[in-house]
1. Could you tell me whether residue 173 is at pLDDT 95 or above, within 17 Å of residue 135 (Cβ to Cβ) and in a helix (DSSP H, G or I)?
2. Where residues in the range 1-17 are closer than 13 Å to residue 72 by Cα and either β-branched (Val, Ile, Thr) or touching a helix residue (DSSP H, G or I) at 6+ places or on another chain (Cβ under 7 Å) (or both), which of them is most open to solvent (accessible area, probe 1.4 Å)?
3. Cβ contacts < 8 Å: first residue free of Cβ contacts under 8 Å to residues at least 24 places away in the same chain, restricted to the range 64-80; second residue among the hydroxyl-bearing types (Ser, Thr, Tyr) and crowded, with 17+ Cβ neighbours inside 10 Å, any location; separation 6+ or different chain. Result?
4. Among the residues of the range 31-58, count how many are in contact (Cβ under 8 Å) with a residue 40 or more places away in the chain and open to solvent by less than 60 Å² (accessible area, probe 1.4 Å).
5. For the range 206-235, which residues satisfy the criterion of being closer than 20 Å to residue 37 by Cβ and open to solvent by less than 30 Å² (accessible area, probe 1.4 Å)?
6. I'd like to verify a number: residues in the range 21-38 that are under 8 Å from residue 249 (Cβ atoms) and more than 19 Å from the chain's Cα centre (by Cα), how many?
7. Please go through the range 93-126 and pick out each residue that is surrounded by 24 or more Cβ atoms within 10 Å (Cβ to Cβ), over 15 Å from residue 152 (Cβ atoms) and among the polar types (S, T, N, Q).
Amino acid sequence: MQLLDCHTHTEISPDSSAKFSDMYQQAKNLNLHAWAVTNHIELCRYYSQDFYATQPRNEEDFFDYASRWEISMQQNQLAKELIFNKNMQFINGIELGEPNSDFGLAESLYQDKRLDFVIASLHELPDKLDFYFLDYTQENISDLLENYFSILLEITKHDCYDVLGHITYPLRYITGDAGIKINIKIYQDYIAEIFKSVIANHKGIELNTSGYRQSYGKPFPDENLLKLYKNLGGKILTLGSDAHCPEDLGKGISQGIALANACGFDKVCYYLRHEAYFIN
């Protein structure tokens with residue numbers, strides 16, 4: 001079985017302390033066929049704090065992702081030039097958070113010639129904290145999810161991504177941490193429209209396996225939604241562990257491959273220069 005991991009982070013991401021060299025060593029240990037480093041770039045705080053004339057809402061409210069962008073691009077591009085391993089393809093990627101906050105900027109960054117791969121993610125809604133920080137006893141969860149899926153749909157219509165990352169991300173915290181069960185079928189029409197737009201625009205989705213090692217216990221999206229994507233004609237599927245440390249790199253990928261097979265996929269892909277390369 002050929003393993004790949006298209007969603008990982010190093011210490012350039014503010015929520016990781018993993019050194020690139022340690023992640024690379026683990027990727028070699030796992031004999032990965034393809035490995036992408038996709039550090040966080042949150043477009044809602046891309047510029048300096050002074051630019052936004054605001055104060056951090058908590059200790060995780062980092063600004064100036066522009067500098068992180070350049071450092072990540074330089075690190076990854078250097079890695080592409082120095083890493084020569086015929087058994088592993090290194091991918092210069094990025095996880096572009098909240099592209100809806102500035103679609104012009106998102107589309108401009110997507111055109112950077114150094115980039116191979118962009119995951120579009122939505123970690124927080126306008127005027128809300130990251131889903132990780134919300135107190136769900138004080139939130140209208142139905143409104144949150146409807147807003148979340150409507151913004152995801154808008155993101156899919158812009159040429160600023162290759163795959164849509166960890167859709168159903170809020171369930172990591174609503175269900176996984178807060179223990180509030182959600183009948184996702186209520187939102188299936190929203191999700192179907194997202195999938196149709198992704199497919200129509202020749203983009204893909206990510207099967208994010210981080211949920212397997214977390215309290216949620218399932219990937220993002222789960223089996224039923226992955227089948228829906230396949231039944232609607234979806235073909236482009238990447239797999240990512242969302243690892244923020246070497247120990248998590250590659251975690252759940254074998255399970256993800258088995259699930260993809262069970263849902264009718266016989267190929268997954270990785271990206272080079274925004275072009276999908278399929279492997280059995």
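1. Values: at pLDDT 95 or above: yes; within 17 Å of residue 135 (Cβ to Cβ): yes; in a helix (DSSP H, G or I): yes.
So residue 173 passes the test.
2. So, considering only residues that are closer than 13 Å to residue 72 by Cα and either β-branched (Val, Ile, Thr) or touching a helix residue (DSSP H, G or I) at 6+ places or on another chain (Cβ under 7 Å) (or both), the one most open to solvent (accessible area, probe 1.4 Å) is 12.
3. Short answer, once both residue conditions are applied: 64/46; 66/46.
4. Number of matching residues: 15.
5. Quick first cut of the range 206-235, residues closer than 20 Å to residue 37 by Cβ only: 206-210, 213, 220.
The answer is 206, 207, 208, 209, 210, 220.
6. Of the residues in the range 21-38, 2 are under 8 Å from residue 249 (Cβ atoms) and more than 19 Å from the chain's Cα centre (by Cα).
7. Selection gives nothing.
Conditions tested, residue by residue: (1) buried (at least 16 other Cβ atoms within 10 Å of the Cβ); (2) within 17 Å of the chain's Cα centre (by Cα).
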site: 165; (1), (2): yes, yes
site: 171; (1), (2): yes, yes
site: 180; (1), (2): no, no
site: 188; (1), (2): no, no
site: 196; (1), (2): yes, no
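The values are calculated or read from the model by the stated rules, or taken from the named source; none is laboratory data. This is a predicted model, so every value here is computed, not measured. Here Cβ is always computed from backbone atoms with ideal geometry, including for glycine, and neighbour counts include all displayed protein chains. The protein model used for the area step is the full one, side chains on, heavy atoms only, and it has no ligands, DNA or RNA in it. Shrake-Rupley method; radii C 1.70, N 1.55, O 1.52, S 1.80 Å.
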